[in-house]
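Enquirer: Shown below is the structure under consideration.
Every number in this text was worked out from the coordinates using simple rules, so none of it is lab data. Just so we're clear, the structure is a prediction, and the values are computed from it rather than from any experiment. So basically every Cβ, Gly included, is an ideal-geometry build from the backbone, and we count neighbours across all protein chains shown.
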Amino acid sequence: MLSLSLDDQVFKIGLTERVKQLKKRVVESTPWASSERAVLITRAYQETEGQPIVIRRAMALKKILEEMSINIADGELIVGNQGTKPLECLLFPEIQVGNLEKELDTMDTRPWDPVKISEEDKEILKREVFPYWKGKSTDELVYSKTRRLQGLSNLLYLNPDEYPIIGTGIVDHSLQASMGAGHSVFSTKVLTMGLEGIKEEVQKYLRALKLTDSGAIEKKELYEAMLITIDAVIAHANRYADLALELSEKADSVTRREELIKIAETCRRVPAKPARSFPEALQAFWFILMVIRIESGGVGDSAGRFDQWAYPYFKKDLDEGKLTLAEALEYIQCLWVKFSEINYWKKEAVARFHVGLRPQHLCTGGQTEDGLDATNDLSLLCLQASIDVGLQNPAIRVRLHKNSPEEYLIKIAELVASGMGHPSIFNDDVCIKQLMAKGVPLQEARDYTLVGCPAVQLPCKEPGFSYGGLMNLAAALELALNNGFWKKGNRQVGPQTGDPRSFSTFEDLMKALKQQVEYMIEGWQTANLIVEEVHAKLLPTPFHSTLIENCIEKGLDKTRGGAKYNFNPYISVVGFADTVDSLVAIKKLIYEDKELTWEELLSALDENFSGKEILRQRILNLPKYGNDDDLADSIAREVGALVAKVVRAYPNNMRGADGASGISIISLGANVSFGKVVGALPNGRLDGMPLADASSPVHGCDRNGPTAILKSASKLDHVLHGEPSILNLWFTPSALEDPQKLVALLRGFTDLGVSHVQMNAVSRETLLDAQAHPENYRTLLVRVSGYNAYFTELDKEIQDDIIDRTPYAAF
Amino acid sequence: MNIMNVEGLVLNIQRFSIHDGPGIRSLVFLKGCPLRCQWCCNPESQNPYVEMLFQANKCIACGQCVKACPIGAIGSLPGLEVDRKLCNNCGDCASVCPSGARNMAGRKMTVSQVISELNKDSVFFKYGSGGLTVSGGEPFLQPAFTTALLKAAKGRGFNTAIETCGYCDREILRDCLDILDEIYIDLKCMDAFKHQRLTGVKNETILSNISYISGLSPNHRFSLIIRMPLIPGLNDSEKDIDEAAEFLGGLKISRVELLPYHRFGVGKYRQLNREYSLEQIPVPPKESMEHIAQKFKSLGLNCQVGGK
């Protein structure tokens, strides 16, 4: 372990005036969309008609980077934008155009993540963009392919004949179908080799090609596309250098003038050449992240293990006296504010299931590849910067293990207590085993980072896109109770697995549930493959592929299997605790105590427990998952394993058959929408009510506090699941005042082998007040499953759902 | 008798308690208390026998309890309230209540049973000296059980703490000193007459026990913490505070914790069909608590507001 040597004073500096102003600029922005990127990519595609797709993609990126508006805000030290103003949602007509067109006039008034757009921009889109893309965008191809498979579209779509499409809420692939890959991790290659170094590598492979070899032409095209994009990115950075110089001449102070000149020098240097200093490393990182966002349009990108890759530069600058600690902290703060400028446009159907989603991840702590503690001074400064900046991004993911130092845990506890919804806490022991179970060697596995919401990923060795949509486990149970018939949709959706009245044992029911899950997962896997095939065909990402290990060597784009590891995406399981508690009730009342018949239960469910309150109350007071109750927890383990085994049976056929990632029990805000398609459940949940959040217990069913919840979660087979599951704990602020208590809780969490925990510090009163007076709480963050969101931006229904969760008052 | 088989009347075991000793603790509330403090927030812990609690807001009026009650104590009063004059706390109503509106407060448990509950959180106790805190009611009203429980917990390496009103025999107290890491004793009021009016008992025994333990503390490893519940208008006058400060100034204690009056227990009085006598008392403002804390601190005492 590196000795932690920071002077305590550095933790008391707080935000500098500069960062306060930069933060204000972001906080006062509202999400909006402009037509700029959409127009540029349309023109680029028109100009390259008939050329190979990788070349067209490269030329499109080049055009955007050359012509997009750029700016440097007053006081900025790190520069570079994906759009022209903070919170701009870039539009990707090549990915989805139908929804955009249909929702053009409603996107600013919709309850889920509204986005403003000017009348002028709307006109431009209608005139220049929509006509070109009709029938050509990625999602249209995905849908037309999916629609041809009748059973699949019956499972996925409410009305398969409609476009744009609305999902059933039983299995959902709307996000992957309508967004770029995303889930990228920053490549430190940029820092050590510079893009010019990477360019040489590409040229070397290009020169070595024998064009008569099979597949060589496609490789050549990819290499040429890569070269186009590398030059374009370097030129883009130079545009910023020019702008900085131009601004320096008009600067109103000598200090700012010098800063701008330094920014210009930095942008001339990186990312073209290797970084030499902490500011250069941060600037190079930021440019690359912006370009990847502009190129691929995904979600959940990650800075990777920031405290690891930035540390050598940080240390060197401090040691050589080039930077003071306070200056380094200010650079970090500036970068943190930049993270919050990023936004995504989501179609309404996606916004409903992924409310508030705009996470940019950053990972700290963990282990070195030799298994030593990797925490350093920079890890602590990152956490401090998050406390000071107090914004949604970067979404901090901390890695913990049994040798994580006390100072680190205390800083984590302080960040939790600051009430910003950070950090998300991951257990090295579990995550490393999850990777090893997929065949990754130990030393490589120790270098994992977190992307998405959340997924374990090996930095730049995977293609991204590890998120594979959502399945509604409560719906699977309901289908098993109704012989495959979907009550809300009034149609047969699943296979006929028998009338439960004929199930003579509890195992019969589990068998029926398994068949329903198998059917759903088969559909999910098919839908995934369609999406991946279409991405490989229409959305290669030549620039990003230069940064992913093995893509250059293999001459294969990352969408086509170029990466070193190509695991199948994971599926998010929603409605877990409701399903478990329902099975507990059935097992106990029908099969063990025999005090209830199937007939009685099914009719109570059909009638939404109306007139059956005694039964419902009896059920509500049965053992529940989340209370360290062995009966309920053993069923939880069984159900988790059941789904994971079905999912993990599928390898990734598209990109190289590396095996499946597995499942993450997570809800991403979809527990509300998914709850609407499910009727009353045997756990006493009423028709249409929200499902349980992530892998947390059903709201109000956790009676023994957070240690009991952690114990219950520890009884799941996380390694078999293959991905961390999100566990949210809620605390009133008084429960978090003493960091030592949280440290003890976190040490216990580590020992127990729970994959993830998120601790939320909010009081009910605060949330109610924020609901009534959103203007006073613009930066109030809460967790909606695996990511954090601004509370006031959430739909009232989801706000209510959050408020209803049990806060742990401290006694 | 094996200490694991000693039985006690336990009100409740509360995991993740973080204001009653170091680390993460399980708080074992025992039932029965010799005092009747007017502000008591756990009235269901006072009587040394099992009692039926009725939470009217959970009641779905299904009427099963009316049928179940063997002596007809439910049904004659509105809202299915129990007739406390008749009720003998047999528990038949609670056992049929589907919604948990009727609950029995207190159950017999052996030390062994309590320990297995504690073991559930032992993974958390390891860090930051967490463990067991025995509270009440008054733990020393069940001396054999309390001593056996503390011994058993200590034997498992748990940190042990007790919260006592100090109204007990000195010998009982002395016997536990070696198996305790933290001793919390309440100091409610220095004025003997007022103490009797507010709590139902005189304070001589309590004060002498505090002095006694304080005198022994240099030779023991336990920390002695004095807790002062401060009830506006009842025991927080200038005079009350001055007298307490003078008394405590002469003792060897780790710290003083000021516990501001709160009203979390009001609903429980209703569940027991009892009157709450302090309806009119407001919760003290933070500033006045800090002011009192300052006074203690200026006398060189380690003092904080709230439990650590």
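Enquirer: Given a 10 angstrom Cα cut-off, can you work out which residue in B:Pro70, B:Pro284, B:Pro34 is the most mobile in a GNM of chain B?
Expert: Of B:Pro70, B:Pro284, B:Pro34, the Gaussian network model singles out B:Pro70 as fluctuating most.
Enquirer: May I ask you to evaluate 6.51 cos²θ - 1.76 cosθ + 1.60, the Karplus curve with θ = phi - 60°, for each residue of region A:278-285 and list the ³J(HN,Hα) values in order in whole Hz, giving x for glycine and proline?
Expert: Per residue, the Karplus-derived 3J(HN,Hα) values read 4, x, 5, 5, 5, 5, 4, 4 Hz.
Enquirer: OK, next. Running a GNM on chain B with Cα contacts under 10 Å, which residue among B:Asn219, B:Asn89, B:Asn273 ends up with the highest mean-square fluctuation?
Expert: Taking springs between Cα atoms under 10 Å, the residue moving most is B:Asn219.
Enquirer: Could you tell me the distance between the Cα centroids of region A:30-68 and region B:10-38, to the nearest Å?
Expert: Using only Cα atoms, the two centres lie 66 Å from each other.
Enquirer: Right, next: How much FRET efficiency would the formula 1/(1 + (r/R0)^6) give for A:Ser603 and A:Lys537, where r is the Cβ-Cβ distance and R0 is 51 Å, rounded to 0.05?
Expert: The computed FRET efficiency comes out at 0.50.
Enquirer: Cα gyration tensor of region A:69-223, axes a ≥ b ≥ c as square roots of the eigenvalues: rounded (a/c below 1.5), prolate (a/b > b/c) or oblate? Walk me through the numbers on the way to the answer.
Expert: Details: a/c = 2.17, a/b = 1.26, b/c = 1.71.
Cα axes put region A:69-223 in the oblate bin.
Enquirer: So, one more: Compute the FRET efficiency between B:Lys297 and A:Glu638 as 1/(1 + (r/R0)^6), taking r as their Cβ-Cβ distance and R0 = 41 Å, and round to the nearest 0.05.
Expert: It comes out at approximately 0.15.
Enquirer: Something else now. Most exposed first by the Cβ proxy, i.e. fewest other Cβ within 10 Å, how do A:Lys411, B:Lys85 rank? Intermediate values should be presented prior to the final figure.
Expert: Values: A:Lys411 27, B:Lys85 6.
Placing the least packed residue first, the sequence is B:Lys85, A:Lys411.
Enquirer: For the pair B:Ser95/B:Arg255, report the inter-label distance in nm, with labels modelled 7 Å from Cα in the Cβ direction.
Expert: Using points 7 Å along Cα→Cβ, the separation is 4.6 nm.
Enquirer: Take the cross-link list A:Lys316/A:Lys461; A:Lys63/A:Lys558; A:Lys612/A:Lys796 and give me the ones stretching past 24 Å between alpha-carbons.
Expert: As for pairs spanning more than 24 Å Cα to Cα, those are A:Lys316/A:Lys461; A:Lys612/A:Lys796.
Enquirer: To the nearest 10 degrees, how steep is helix B:204-216 against the longest Cα principal axis of chain B, on a 0 to 90 scale?
Expert: Approximately 50 degrees, to the nearest ten.
Enquirer: Sorted from fewest to most neighbouring beta carbons within 10 Å, what does the list B:Cys168, B:Cys33 look like?
Expert: Listing B:Cys168, B:Cys33 from fewest to most nearby Cβ atoms yields B:Cys168, B:Cys33.
Enquirer: Counting Lys +1, Arg +1, Asp -1, Glu -1, what net charge surrounds A:Asp429 among other residues with beta carbon under 12 Å of its beta carbon?
Expert: With Lys, Arg at +1 and Asp, Glu at -1, the neighbours total +2.
Enquirer: Just counting partner chain Cβ atoms within 10 Å, what average do the residues of peptide A:617-629 show around their Cβ?
Expert: 2
Enquirer: Follow-up question, since we're still on this one. Are there GluC sites (Glu not before Pro) in region A:5-66 that DSSP marks as loop and that have at most 11 other Cβ atoms within 10 Å, and which are they?
Expert: Loop-located and lightly packed - A:Glu28, A:Glu49.
Enquirer: How do B:Phe222, A:Phe674, A:Phe543, A:Phe11 rank when sorted from fewest to most other Cβ atoms within 10 Å of their own Cβ?
Expert: Result, fewest neighbours first: A:Phe11, B:Phe222, A:Phe543, A:Phe674.
Enquirer: Hey, what did chain A get for relative contact order, percent, Cα under 8 Å, at least 6 apart?
Expert: Working: 1665 pairs, mean separation 120.6, N = 811.
Across chain A, relative contact order equals 15 percent.
Enquirer: Sort out for me the Cα centre separation of region A:170-209 from region B:126-198, rounded to whole Å.
Expert: 64
Enquirer: Would you give the gap between the C-alpha center of region A:530-553 and the C-alpha center of region A:631-646, rounded to a whole Å?
Expert: Cα centres, region A:530-553 to region A:631-646: 35 Å.
Enquirer: Another question, then. Suppose only helical runs count, i.e. DSSP H with n ≥ 4. What mean residue ellipticity at 222 nm does that imply for chain B under -39500 (n - 2.57) per run, divided by all residues and rounded to the nearest 500 deg cm²/dmol?
Expert: Helix-only estimate at 222 nm: -8500 deg cm²/dmol.
Enquirer: Using a simple charge model, +1 on the beta-carbon of Lys and Arg, -1 on the beta-carbon of Asp and Glu, nothing else, what dipole does region B:73-155 show about its Cα centre, in debye to the nearest 20? Mind showing how you got there, number by number?
Expert: Working: 9 positive and 6 negative charges, 55 e Å.
Computed about the Cα centre, the dipole is about 260 debye.
Enquirer: Name the GluC sites (Glu not before Pro) in region A:568-614 that are in a loop by DSSP and that have at most 16 other C-beta atoms within 10 Å, would you? List each step's numbers first, then the result.
Expert: Details: sites: A:Glu592, A:Glu595, A:Glu599, A:Glu600, A:Glu607, A:Glu613; in loops: A:Glu595, A:Glu607.
Those satisfying the criteria are A:Glu595, A:Glu607.
Enquirer: Could you state the angle between the C-alpha long axis of helix A:189-208 and the longest principal axis of the C-alpha atoms of chain A, as a value from 0 to 90 degrees rounded to the nearest 10?
Expert: Taking the Cα atoms of chain A, the angle to A:189-208 is about 80 degrees.
Enquirer: Residue by residue, what Karplus-based ³J(HN,Hα) values in Hz, rounded to whole numbers, does region B:257-270 have, using 6.51, -1.76 and 1.60 with θ = phi - 60° and x for Gly and Pro?
Expert: Each residue's phi maps through the Karplus curve to give 10, 8, 10, x, 4, 9, 10, 4, x, 3, x, 5, 4, 4 Hz.
Enquirer: While we're on this one: Can you give the angle from 0 to 90° between the axis of helix A:630-648 and the longest principal axis of chain A, with both taken from C-alpha atoms, to the nearest 10?
Expert: With both axes taken from Cα atoms, the answer is about 50 degrees.
Enquirer: So the label point goes 7 Å from the Cα of A:Ser29 along Cα→C-beta, right? Which residues of region A:64-98 then have their backbone N under 17 Å from it?
Expert: Inside the label zone: A:68-92.
Enquirer: How large is ³J(HN,Hα), in whole Hz, for each residue of region A:496-506 in order, when computed from phi with the Karplus curve 6.51 cos²θ - 1.76 cosθ + 1.60 and θ = phi - 60°, using x for Gly and Pro?
Expert: For region A:496-506, the Karplus-derived couplings read 7, 10, x, 7, x, 4, 8, 7, 7, 10, 4 Hz, x marking Gly and Pro.
Enquirer: Compute the FRET efficiency between B:Ser112 and A:Tyr591 as 1/(1 + (r/R0)^6), taking r as their Cβ-Cβ distance and R0 = 30 Å, and round to the nearest 0.05. Provide the component values of the computation, followed by the final result.
Expert: On the way: r = 31 Å, r/R0 = 1.03.
Once rounded, the FRET efficiency stands at 0.45.
Enquirer: Please identify every one of the trypsin sites (Lys or Arg not before Pro) in region B:200-257 that sits in a loop by DSSP and has no more than 13 other beta carbons within 10 Å of its own beta carbon.
Expert: On the way: sites: B:Lys202, B:Arg221, B:Arg227, B:Lys239, B:Lys252, B:Arg255; in loops: B:Lys202, B:Arg221, B:Lys252.
Loop-located and lightly packed - B:Lys202, B:Arg221, B:Lys252.
Enquirer: Label-point separation (nm) for A:Glu162 and A:Arg207, each offset 7 Å from Cα along Cα-to-Cβ?
Expert: Between A:Glu162 and A:Arg207, the simple spin-label model gives 5.9 nm.
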